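Enquirer: If you scroll down you'll find the structure; I have some questions about it.
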Amino acid sequence: MLEQLKERLSRKVWTFVTPKGRGRLRLIGSFLITESKPVSFVPKWKYNLFRDASSLRSVLYPDLDSPEKIDEASAYFNRRFNATGKANLHGEKGVREMEADVVRGFEKLVQDYATLQFMDRLPGIH
């Protein structure tokens, strides 16, 4: 599956959590995918994806824990993936391929959300 994802349009991975007891999705961040393997990386699997943490397109969404924002993201994906927020999203079940129209629609939905560049959020890195 990772080899198929590598060829996808956006070259991004979107990350979510499912808030306890909510059956919903909370957006955490989106990360640009790169071909460059970190120097100290020791592969555990045949296929690996690497995030470009320093890219301006690798961002965290710090203010999306409000019920309204959680409902907004959940509703968007539930319409497209049939109750994504209610599924057990661990392991392979947690990986969803998104077609170009779904990605563009979600990017439009979150375009005005506050973001932090990924490295700005890490302690000790400024």
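The values are calculated or read from the model by the stated rules, or taken from the named source; none is laboratory data. All figures in this text were calculated on a predicted structure; none of them were measured in a lab. No Cβ is skipped: glycine too gets one built from the backbone with ideal geometry, and neighbour counts run over all protein chains shown.
Enquirer: Just name the residue that is modelled with the highest pLDDT out of those in the stretch 78-121 that are among the basic types (Lys, Arg) and assigned to a helix (DSSP H, G or I).
Expert: Taking the candidates together, the pick is Lys108.
Enquirer: Out of the stretch 34-77, which residues are buried (at least 18 other Cβ atoms within 10 Å of the Cβ) and part of a strand (DSSP E or B)?
Expert: Scanning the stretch 34-77 gives Arg51, Val59, Leu60.
Enquirer: Further question on the same structure: Just need a number here: residues in the stretch 47-65 that are more than 14 Å from the chain's Cα centre (by Cα) and at pLDDT 85 or above. Give the derivation first.
Expert: First, the residues of the stretch 47-65 that are more than 14 Å from the chain's Cα centre (by Cα): 47-48, 54-56, 63, 65.
Those still in the list that are at pLDDT 85 or above too: 54-56.
Within the stretch 47-65, residues that are more than 14 Å from the chain's Cα centre (by Cα) and at pLDDT 85 or above number 3.
Enquirer: Looking at the stretch 1-33, which of the residues that are part of a loop (DSSP other than H, G, I, E, B) and under 13 Å from the mean Cα position of the chain (by Cα) is modelled with the lowest pLDDT?
Expert: First, the residues of the stretch 1-33 that are part of a loop (DSSP other than H, G, I, E, B): 1, 7-11, 18-25.
When the remaining residues are screened for being under 13 Å from the mean Cα position of the chain (by Cα), the result is 10-11, 18, 25.
On the way: Ser10: 59, Arg11: 78, Thr18: 83, Leu25: 85.
So, considering only residues that are part of a loop (DSSP other than H, G, I, E, B) and under 13 Å from the mean Cα position of the chain (by Cα), the one modelled with the lowest pLDDT is Ser10.
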